[in-house]
Structure formats: structure tokens, C-alpha cells
Amino acid sequence: MHTKAEHTPCDHILHITLGEGAVRGLLITGAETVREASSIHLTTPVATAALGRLLMGTAMLSTMLKEDDASVTVTIDGGGPIGKMICVGDKESVRGAVDVPTVAIPARADGKLAVGAAVGRNGRMSVVKDLRLKTPYVGQVELQSGEIAEDFAHYFVTSEQSPSLVSLGVLVAGDTVLTAGGVLLQPLPGCPDELIDQLELRSPLFGELSRELAHEPMEGLMEAWFRGLNPVILESTPLSYRCGCSRDRMEKALIALGKEELTRMTLDEMDGATLHCHFCKASHHFSTHDLIRLLNRAMR
């Protein structure tokens, strides 16, 4: 049984550079964010790990946005038993949902959660960046493994032409999220080959980041991982699980359905209609009178 854990929120994203600015990076600590998602969606351990990794990856993308009110939507549909996963992020928060939060499959041979098998690899990752322009940016890539970190790395090099080292991890014990985090490193143009070689040599260290976070905060791990590479923290930004749904937004969504659909709902739903938010499970009921009022607005 899931219970909402009481923890002091401490999730954050460290924006760093290495090698005198030759590499930019993001280091994410996100256990509280994943705990909140798990509590809302009542996820099994493997679903928690999968959704948690996607939340961390989406947070990486969204914190890189320059526009204050911009957002990123990442969707993964790999054909696995977990179904489709979707996450939305802005500069300081993320939210997400999964089709089958109750998915349960055996662990891998090494004892780790079988995230790749749950997600599947016969599908795509879709990234939609709403930069508050007329047309959003849309990028799609074929899934590489369904383990999510490798899929994000493939997205960065394919759609953004930014070769990247990506590691994502969520450590789960039963229904309890112990740690969650992520690492993103991107060599900038002109980065010395020797520095890139050093990052590749040290990359196996990041693969155990969720276990390492159980013993050492991200700031300490950064010093250990990048010793000799001159790691510099540029800033630290907060991260949280937050949904911006409201009755007003749901009214706008209903109006966006159009006159025909609203007319059908008004005639067919004698007791009105109830809309449920996929991200936070909030419900908003609209009476027949409400639907008629919205229909009148849609017809203006």
C-alpha cells in the first residue's frame, strides 16, 4: 500500500561546467519528485522506476529552455506492457502519467528492475517543445532500448545534434523510493578530445548513480566523479512534481472540443460530465448548465 511519505523537499538541478567550460552538464536529485508521482499513480516498483527516469529526463530538457513560460512534453510508447508514458516539464517542475501503473514483471538476471522490458523498444520517443511560438518544435526518434537514458542520449544526438552522456536512475525498495537522479553531459564545440575520452572512461560511475545517492549527496558525487576536470557549479534550481491543472483550464479544454462535441455531451450527459486530470488525479464536475454555458462560449 502506498502512503505519502513525509520528507523535506530537497530536489534540485545543478547546472555545471567541466574543463574550463568545454563541457556543460546537469546533475539532478529528484527522489521527492518521484515519490510524489508514485503516491499519486500508485505505481508498482518497475513502473515507478520507468516513470521516475522519464521525469528526470524531462526535467533535463525543460530546465534548458530559455523562455520562462515554455514547456516540454515527452512521450514514450515502446509497445511494452507499461503502455504509453507521458511527462510535461517547465523550468522548475515536472508531471507525468503512465497507462498501466500496475504493471509487474520479473526482475532482470542481475536483480535490477526490468524497465526496458516493461517499456519495450518497438516504438518512439516524441519530444514537443512549446516555446510560445506559432508552431511548437517536434522531434521524434526510434527507441533504442526502452531503458530511457539511452533513448534520451539518442534523441540529443539525432534531433539536437548534441552528442551527450546520459544516465538516469531510480532506486526503489518495495513501495519506497529511496533515491532518484540523473546526469547529462554535453561537450561543446571545440571540446578537447582528451576531455571527451576522460568522460567516456568515467561514464560507468554514473551508471550506479541511484545507489551512490543513497550514501552521498550529488554535490559530493560531482567532486568524486569529476576530480581533475575542474567542475564548477553555475547555479542550482529547484525541482518538484507539480500539476497546473485547474477548473479554468479544463473549461478551456472543453471549449476546444468544438461545438459539435459539446452539443453531443450536453444532450447525452444528463448529469453533466466529470473530467479527470491524468497527472494529479484531480476531478472537476461540469453540470449540464455548465456545459450549455461553455457551448454558448464556443459558438461566439
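The values are calculated or read from the model by the stated rules, or taken from the named source; none is laboratory data. Keep in mind the model is a prediction, meaning the values are calculated, not measured. Cβ placement follows ideal geometry from the backbone for every residue including glycine, while neighbour counts extend to all protein chains displayed.
Counting only residues that are more than 23 Å from the chain's Cα centre (by Cα) and outside any helix (DSSP H, G or I), which one in the range 217-231 is surrounded by the most Cβ atoms within 10 Å (Cβ to Cβ)?
F226
Quick grid of which residues meet (1) among the polar types (S, T, N, Q); (2) over 14 Å from S93 (Cβ atoms); (3) touching an Asp or Glu at 6+ places or on another chain (Cβ under 7 Å); (4) modelled with pLDDT under 95:
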residue	(1), (2), (3), (4)
K4	no, yes, no, yes
I13	no, no, no, no
G25	no, yes, no, no
G30	no, no, yes, no
V46	no, yes, no, no
D68	no, no, no, yes
D77	no, yes, no, no
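State all residues of the range 258-285 that are among the aliphatic types (A, V, I, L, M), surrounded by fewer than 16 Cβ atoms within 10 Å (Cβ to Cβ) and within 30 Å of V74 (Cβ to Cβ); if no residue qualifies, say none.
Once the filter is applied, which keeps residues that are among the aliphatic types (A, V, I, L, M), surrounded by fewer than 16 Cβ atoms within 10 Å (Cβ to Cβ) and within 30 Å of V74 (Cβ to Cβ), the range 258-285 yields only A282.
If I filter the range 215-234 for residues that are in contact (Cβ under 8 Å) with a residue 60 or more places away in the chain and under 19 Å from T58 (Cβ atoms), do I get at least one hit?
yes
For the range 110-197, give me every one of the strands (runs of 3 or more DSSP E) that falls completely inside it and has 1 or more residues that are in contact with an Asp or Glu (Cβ under 9 Å, 6 or more places away or on another chain) and surrounded by 19 or more Cβ atoms within 10 Å (Cβ to Cβ).
Where strands (runs of 3 or more DSSP E) fall fully within the range 110-197 and carry at least 1 residues being in contact with an Asp or Glu (Cβ under 9 Å, 6 or more places away or on another chain) and surrounded by 19 or more Cβ atoms within 10 Å (Cβ to Cβ), they are 124-130, 165-173, 176-187.
Pull up the range 232-262, narrow it to residues that are in contact with a helix residue (DSSP H, G or I) (Cβ under 8 Å, 6 or more places away or on another chain) and either in a helix (DSSP H, G or I) or aromatic (F, W, Y) (or both), then point me to the one that is modelled with the highest pLDDT.
So, considering only residues that are in contact with a helix residue (DSSP H, G or I) (Cβ under 8 Å, 6 or more places away or on another chain) and either in a helix (DSSP H, G or I) or aromatic (F, W, Y) (or both), the one modelled with the highest pLDDT is Y241.
Look at the range 165-184 and say how many of its residues are touching a helix residue (DSSP H, G or I) at 6+ places or on another chain (Cβ under 6 Å) and not β-branched (V, I, T).
9
What residue, among those in the range 58-109 that are polar (S, T, N, Q) and farther than 13 Å from M125 by Cβ, is surrounded by the most Cβ atoms within 10 Å (Cβ to Cβ)?
Of everything passing the filter in the range 58-109, S62 is surrounded by the most Cβ atoms within 10 Å (Cβ to Cβ).
Output the qualifying pairs, or none if there are none: Cβ atoms under 7 angstrom, residues six or more apart or on different chains, first residue in the range 27-51 and within 17 Å of V115 (Cα to Cα) and assigned by TED's automatic domain parsing to the domain that holds V115, second residue of a type in the set (K, R) and surrounded by fewer than 24 Cβ atoms within 10 Å (Cβ to Cβ).
Within 7 Å, no pair qualifies.
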